[in-house]
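Visitor: Sharing a structure here in structure tokens format.
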Amino acid sequence: MSPLRAAGMPPINTLPDDPIVIDDPDDDLLTALILKLFTDRQITPPLSLASYLARRIERSFAAAAQIVADLDTIAMRDGKPINQRMAAALLDN
């Protein structure tokens with residue numbers, strides 16, 4: 001048995017004809033994603049920073065990854081920890 005069948009996925013030929021739509025992430029999911037992306041980089045920001053970013057960036061996984069990467073680059077360049085002031089300055093640019 002294939003792994004997909006074992007996981008309960010139907011055979012490809014039985015999938016619906018209509019495209020499957022994945023909605024943009026809500027605040028909670030985007031906040032969790034931002035925290036995970038920071039954690040992947042061994043950065044532990046306050047939860048309030050992740051929530052702040054989630055409310056202000058484009059609602060996409062790509063935007064979350066980009067803002068985390070940009071903040072990490074700035075923090076490493078400046079030798080300072082990531083904080084809300086740094087995030088606000090980045091978002092204003």
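The values are calculated or read from the model by the stated rules, or taken from the named source; none is laboratory data. Every value quoted in this text rests on a predicted model; they were computed, and no experiment measured them. In this analysis, Cβ positions are derived from the backbone assuming ideal geometry, glycine residues included, and neighbour counts consider all displayed protein chains. Only protein heavy atoms, including side chains, enter the accessible area calculation; ligands, DNA and RNA are left aside. Shrake-Rupley method; radii C 1.70, N 1.55, O 1.52, S 1.80 Å.
Visitor: Quick check, is R5 touching a helix residue (DSSP H, G or I) at 6+ places or on another chain (Cβ under 7 Å), open to solvent by 60 Å² or more (accessible area, probe 1.4 Å) and at pLDDT below 95? Please lay out each step first, then the result.
Guide: Details: touching a helix residue (DSSP H, G or I) at 6+ places or on another chain (Cβ under 7 Å): no; open to solvent by 60 Å² or more (accessible area, probe 1.4 Å): yes; at pLDDT below 95: yes.
The answer is no for R5.
For every residue, the table says whether it meets (1) loosely packed, with under 12 Cβ neighbours inside 10 Å; (2) among the acidic types (D, E); (3) in contact (Cβ under 8 Å) with a residue 40 or more places away in the chain.
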residue: D18; (1), (2), (3): yes, yes, no
residue: A32; (1), (2), (3): no, no, no
residue: D72; (1), (2), (3): no, yes, no
residue: A75; (1), (2), (3): no, no, no
residue: L91; (1), (2), (3): no, no, no
